[in-house]
Amino acid sequence: MKKFLALLTAFAVLFAFAACNKKEENTVTTTGSVVETIPRDAFDNWDEPVQDEVTEQIPEETSVVEVTNAEGETVTNESGEAVTETITQKPVTTQPKDDGPSSWTTAQILDYSNKALDKVKSSKAGYTKHAVMNIYGDVSGIPDVLTKLFQKDETTTMSKGSDNTNDFPAAGYSWSTKLRPEDVASAKIRVTGTTYDILIELGTEKNPGKGTASSYGRAVSVIDAAEAANIIPFGINSVDMTYHDGYIYLQVDSTTGRVTFAEFSAAADAKADLAVIGVVQADSITSTETFTNFVW
């Protein structure tokens, strides 16, 4: 029995990066509901953002020119030599024309998406959340029968006006995302009518910290070593979580700045060395949360 409980607790570590958030009193959860996610090929052939260096500075220059009179004739001195003067051209800074999202940099795309996602929490918008979790890679040290116990497919409805702090990513924070250019692999935007489609792809990060302590923590719920140690009371020698293939896809109404669709996804390779049962490992534990039916 002790080993069985240890296996269950091991899963708490392996799946904690996508742990169920606290359910609010005014939410309704069902299982097996079908909500289509965005196909990955929808992300192909998007224009790359412009470079972050949006200004060009012309350096200071000096030149020597001949002095002319009102008639345009060269002025000479007593020796008949042309009188000259030195002209200094001051530095000039130019900035490209703002053509809207097509001219946005990575930083500008992230700034816009951060604000749009934060508004979901600050406005306490309602929505439908479809959460799916599964293992798509190799598993070792864990019986197959137990892996099925921790697969997830459920739909939650959050009513407008309810506190979604612990439900909408990043769970547990008053803000939603705080991503910076150095946190992402890419950020792209596409305009379709009055809709802004934004795709943010995250890279690979080992043992990310919670919240602003890491790149993944700035967008999704993660587990750190300290939290893992608290989950397993009987002893943990080490735990490693490598996050990869994360992305955020959202659609925003450009006329209101309100999110109309959002999808957060991340995969993790988890390995834990437990004092009781040894090493357990699961690769590509993938969690995807899709938010639809927003009510503002």
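A few remarks follow.
- Checklist (1) in a loop (DSSP other than H, G, I, E, B); (2) small (G, A, S); (3) under 10 Å from the mean Cα position of the chain (by Cα) applied to A185, failing item: (1)
- Residue match in segment 195-215 (condition: more than 27 Å from D138 (Cβ to Cβ), open to solvent by 50 Å² or more (accessible area, probe 1.4 Å) and in contact with a Lys or Arg (Cβ under 9 Å, 6 or more places away or on another chain)): yes
- Which listed residue is free of Cβ contacts under 8 Å to residues at least 40 places away in the same chain and not hydrophobic (A, V, I, L, M, F, W, C), from P169, P181, P208: P208
The values are calculated or read from the model by the stated rules, or taken from the named source; none is laboratory data. All values derive from a computational prediction rather than experimental measurement. Every residue, glycine among them, receives a Cβ derived from its backbone with ideal geometry; neighbour counts consider all protein chains shown. Protein only, heavy atoms only, side chains kept; ligands, DNA and RNA dropped before computing areas. Shrake-Rupley method; radii C 1.70, N 1.55, O 1.52, S 1.80 Å.
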